[in-house]
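Engineer: One structure, as structure tokens, below. Some questions next.
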Amino acid sequence: MSTIHVRLADDADNDNIISLAERCPQEGMITFFINRTPRFNTLHRLLDPGAWHFVACKENRIIGLVGITHFPGTILGREHKLGYMLDLRVEEAFRSGITAFRLIKTAIDHIRESDADMVIANFLKENRRPLVFTSGRGGLPEACHLGTNRIFNIIPIRRMRLDRRFEIGMPGEKDIPGITELYRKYASGFKIAPVISEERLRNYAHSIDGLSLSNFLVARENGKIKAVTAVWDEHPYKSYQVLKLNRSITVVTAVLNILSRFMKVPHPIRLNEPLRQLSLLLYAHDDCPEALDNLFRHVNNLNLGSEYTLIMLYAQEKDEIFRFMKKYIGISVRSEMYLFAKDTSVYEELKKDPNGVMFDFSMTI
């Protein structure tokens, strides 16, 4: 019987990794597999030229995958190089063995030897298997639980009332310094947050398809920017290929098809087609969550009857922004966030700090 070995992925693995994704659907209200284009690591390398993936192989067949992207961030006010673990998947026939453990351990060992100080990982709340990796057993470092995340999928079917004290529009080049200062101030309210510099923001605008300044919105009050968000269509790099709908989503889809004869409704979810969605990311506000909510309402209204089915918002569950989301119609998915650190003494400080974690762009792809 051939053994399983773990190695760094390279460009020649592209077709095998895409095939693995098709064999590893994510099950839930909507069952789908993630299709990354034009190559499995295109977006990762645009965000971070030092991003990497490991693959688990049995003979010439790839049966497992895990990746890491890096981003600059602050932890309790101190700057660090952080990693984010993503694309963890193992072919079903090998999930009862140690393949996933070997992938995780190899990735963690690789990080330990690098200049990254810590790595963040998210595991679906309903999936208990990965939690064995967080307990400090089998040579893996103990992880620090950072809380529950919520992905809120807005269904743009209801027109939302806007607060007219805020003027909504696209920012210009002259606004970039003010926007990055807004990010800095907003990040100071989190115990872990990305560092979004002018250079980093300009790199997004110039290199990421769909993230030019024309894809950003700002809310101004008396001429001052009070909130910002990007509205990103990730389909040039990633899509969710729909395989199955549970009964509730099937009923909702049928109702939307009927309503489409009388009113503007979202693009229907169709089997064997990509799920059409936008993402709200790189958002912040100047101690004015009402302004940010107004931007989200504006995006909702713009997409009534559009080509998109969902508008996704990523944040930690206890984030105050969710106080403003109660009037939206949507579907939530939750995950648990963990931190693996070389120096675990930071865990006690993190546990004492009641503030949350601000999502980096790398953590939403």
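The values are calculated or read from the model by the stated rules, or taken from the named source; none is laboratory data. Worth saying up front: this structure is predicted, and the values here are computed from it rather than measured. As a convention, Cβ positions derive from the backbone with ideal geometry for all residues, glycine included, and neighbour counts pool all protein chains shown. The accessibility values were calculated without ligands, DNA or RNA, using every heavy atom of the protein model including side chains. Shrake-Rupley method; radii C 1.70, N 1.55, O 1.52, S 1.80 Å.
Engineer: What residue, of 168, 154, is among the β-branched types (Val, Ile, Thr), surrounded by 20 or more Cβ atoms within 10 Å (Cβ to Cβ), in contact (Cβ under 8 Å) with a residue 24 or more places away in the chain and in contact with a strand residue (DSSP E or B) (Cβ under 6 Å, 6 or more places away or on another chain)?
Structural biologist: So the residue among 168, 154 that is among the β-branched types (Val, Ile, Thr), surrounded by 20 or more Cβ atoms within 10 Å (Cβ to Cβ), in contact (Cβ under 8 Å) with a residue 24 or more places away in the chain and in contact with a strand residue (DSSP E or B) (Cβ under 6 Å, 6 or more places away or on another chain) is 154.
Engineer: Shifting gears a bit: So which residues in the range 3-59 are among the acidic types (Asp, Glu) and surrounded by 15 or more Cβ atoms within 10 Å (Cβ to Cβ)?
Structural biologist: 13, 48, listed by residue number.
Table: residues versus (1) at pLDDT 95 or above; (2) open to solvent by less than 30 Å² (accessible area, probe 1.4 Å); (3) of a type outside the set (D, E, K, R).
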site: 142; (1), (2), (3): no, no, no
site: 149; (1), (2), (3): yes, yes, yes
site: 176; (1), (2), (3): yes, yes, yes
site: 182; (1), (2), (3): yes, yes, yes
site: 195; (1), (2), (3): yes, no, yes
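Engineer: Go through 99, 106 for me and flag whichever is hydroxyl-bearing (Ser, Thr, Tyr), open to solvent by 30 Å² or more (accessible area, probe 1.4 Å) and either farther than 20 Å from residue 335 by Cα or in contact with a helix residue (DSSP H, G or I) (Cβ under 9 Å, 6 or more places away or on another chain) (or both).
Structural biologist: Just a single option satisfies the conditions, and that option is 106.
Engineer: Moving on. For residue 333, work out the one condition from (1) open to solvent by 20 Å² or more (accessible area, probe 1.4 Å); (2) modelled with pLDDT of 95 or more; (3) closer than 26 Å to residue 44 by Cα it doesn't fulfil.
Structural biologist: So the condition that residue 333 fails would be (2).
Engineer: Could I ask something else about it? When the residues of the range 343-365 are filtered to those that are in contact with a helix residue (DSSP H, G or I) (Cβ under 6 Å, 6 or more places away or on another chain) and part of a loop (DSSP other than H, G, I, E, B), which remaining residue is surrounded by the most Cβ atoms within 10 Å (Cβ to Cβ)?
Structural biologist: Step one: filter the range 343-365 for residues in contact with a helix residue (DSSP H, G or I) (Cβ under 6 Å, 6 or more places away or on another chain), giving 358, 362, 365.
With part of a loop (DSSP other than H, G, I, E, B) added as a condition, the list becomes 358, 365.
Values: 358: 24, 365: 20.
Among those that are in contact with a helix residue (DSSP H, G or I) (Cβ under 6 Å, 6 or more places away or on another chain) and part of a loop (DSSP other than H, G, I, E, B), it is 358.
Engineer: Determine whether residue 227 is closer than 26 Å to residue 193 by Cα and either without any contact (Cβ under 8 Å) to a residue 24 or more places away in the chain or surrounded by 18 or more Cβ atoms within 10 Å (Cβ to Cβ) (or both).
Structural biologist: Yes: the conditions hold for residue 227.
Engineer: Follow-up question, since we're still on this one. Against the definition (open to solvent by less than 20 Å² (accessible area, probe 1.4 Å), in contact (Cβ under 8 Å) with a residue 60 or more places away in the chain and touching a Ser or Thr at 6+ places or on another chain (Cβ under 8 Å)), how does residue 71 come out, yes or no?
Structural biologist: Considered against the rule, which asks whether it is open to solvent by less than 20 Å² (accessible area, probe 1.4 Å), in contact (Cβ under 8 Å) with a residue 60 or more places away in the chain and touching a Ser or Thr at 6+ places or on another chain (Cβ under 8 Å), residue 71 comes out as yes.
Engineer: Please verify whether residue 182 is in a helix (DSSP H, G or I) and within 19 Å of residue 231 (Cα to Cα), treating the condition exactly as stated. Spell out the reasoning first.
Structural biologist: Working: in a helix (DSSP H, G or I): yes; within 19 Å of residue 231 (Cα to Cα): yes.
In short, yes.
Engineer: Pull up the range 109-130, narrow it to residues that are more than 29 Å from residue 332 (Cα to Cα) and in a helix (DSSP H, G or I), then point me to the one that is modelled with the lowest pLDDT.
Structural biologist: Only one residue fits best here, namely 112.
Engineer: For a quick check of your reading of the model, give me the residue pairs whose first member lies in the range 43-60 and is at positive phi, whose second is among the hydroxyl-bearing types (Ser, Thr, Tyr), with beta-carbon atoms closer than 9 Å and at least 6 apart or on different chains.
Structural biologist: 59/2
Engineer: Among the numbered criteria (1) more than 22 Å from the chain's Cα centre (by Cα); (2) farther than 30 Å from residue 320 by Cβ; (3) aliphatic (A, V, I, L, M), which one does residue 252 miss?
Structural biologist: Result: residue 252 passes all but (2).
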